[in-house]
Amino acid sequence: MRNLRFFGIVLACSCSCPQRASTADDTDTPDPALETTPGMDASATPEGAPPPSPVLKGLAAAVCPAAIEATPAPVNGQITATVIPGTEPTALDPKDTEFHLYEGAVWLGDGLYFSDFKTTEGFPSRIMRYVPGQPLVVALPDSGTNGLGLDAKGEHLVGARHKSKSVVQFSPDLSSLRDVVGQYQGKPFNSPNDLVFRSDGNLYFTDPDFQAGANKDQPTTNVYRVAPDGAVSVVDDTIKNPNGISISPDETALFVAGNLEAGFLKRYPLAEDGSVGEGTVVLPDVNVPDGMAFDCAGNLYVTEHSNRRIRVVAPDGKETGEIVGMQHNVTNVAFGGADRKTLFITTTGALYQVQLSVAGLPY
């Protein structure tokens, strides 16, 4: 019996892997016998001992079943998502034939919220709400948002808002908002895109220049951390247009995808106080990566925008399959539904869904 760690969640694995004594370097050193991507925890579980349960924190602890064991891959090979009827822009306005970009899906309460914006001047944006079995509705007509998420307690909607070049938190009824952070070194951000809160109040977000136009106040496109005391620091300034961002279910690792056509996924270790260590590319050759989400078993679902697919990577770092079938470019994913086993997929003009065997995180 061994414990496997790649994306930051520890899972029990019964296998014939060779046993060896653990060392102080085991946390960051891959076991050659397992032939996996670096990041695996090679510490051993004594024979006969019960398999340990994953350590879930924050949103994962709140929404995932109490006991998650290592299970067969929920996506093994290729599976197909289906479009949700009535979620196209023309469902609300038959005359609306403009290009729409659905983004930033997050499940809150009994519904899915996402941003819907156009690529016309100013990138006008609104927040939509979809409750399964009900018509798509406009929740906030003028939001100015791209990526959406939840606050540290998982109670309030927060948004990466290109309209104000800030990260904002909305009131429960979405009637008002306040800036969580709006500047770095006295200058506005470029175009906040995606975000994630850790349960201790640390905020992490990406700031590409997609909606910045000619008004680029920051010289580089950065990944930022906002500490609980409000201090803002740069996590990474080397990624061209960083995009999707997520935290592992045990809150020990941060993941960022970006770099456009030469895209990749990077993993950063998180210290107890939320500070961020040096990042490592753990998934190369991701063509135009966008958003991502974890399921409760530690599998990561990474979108490829132009390839119109979602790549599924297991906790040991191995790709197990892909989700296809989208007839629009793919932007983001989120788990929802009554049992949180429906993976909702936002695209350039429609919502898709696929039912899986494992529950997942709301964004």
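Measuring r between the beta carbons of D339 and D93 and using R0 = 41 Å, the FRET efficiency lands at 0.80. Under a straight-distance cross-link criterion of Cα-Cα below 23 Å, which lysines are reachable from K187, leaving out those fewer than 8 residues away in the same chain? Filter leaves K163, K165, K216, K240.
Cross-link partners for K341 among the aspartates and glutamates, with Cα-Cα distance under 12 Å and sequence neighbours closer than 8 places in the same chain left out: D295. According to the Kirkwood relation over distinct C-alpha pairs, the hydrodynamic radius of the range 77-355 is 18.5 Å. Here the extension length gained between V137 and T80 equals 17.9 nm, from 0.36 nm per residue of separation less the Cα-Cα distance. Normalised by 2.2 N^0.38 Å, with N the number of residues, the alpha-carbon radius of gyration of the range 209-363 equals 1.05.
The lysines within cross-link reach of K153, meaning a Cα-to-Cα straight distance under 19 Å and a gap of 8 or more places when in the same chain, are K57. The relative contact order of the range 77-355 comes to 16 percent, based on Cα pairs under 8 Å that sit 6 or more residues apart.
Relative to the Cα centre, the charge distribution of the range 77-355, modelled as +1 at Lys and Arg Cβ and -1 at Asp and Glu Cβ, gives a dipole magnitude of about 320 debye.
No lab work stands behind these numbers, since they all come straight from the coordinates. These figures come from a predicted structure and were not determined experimentally. Glycine also receives a Cβ, built like all others from the backbone with ideal geometry; neighbour counts cover every protein chain displayed.
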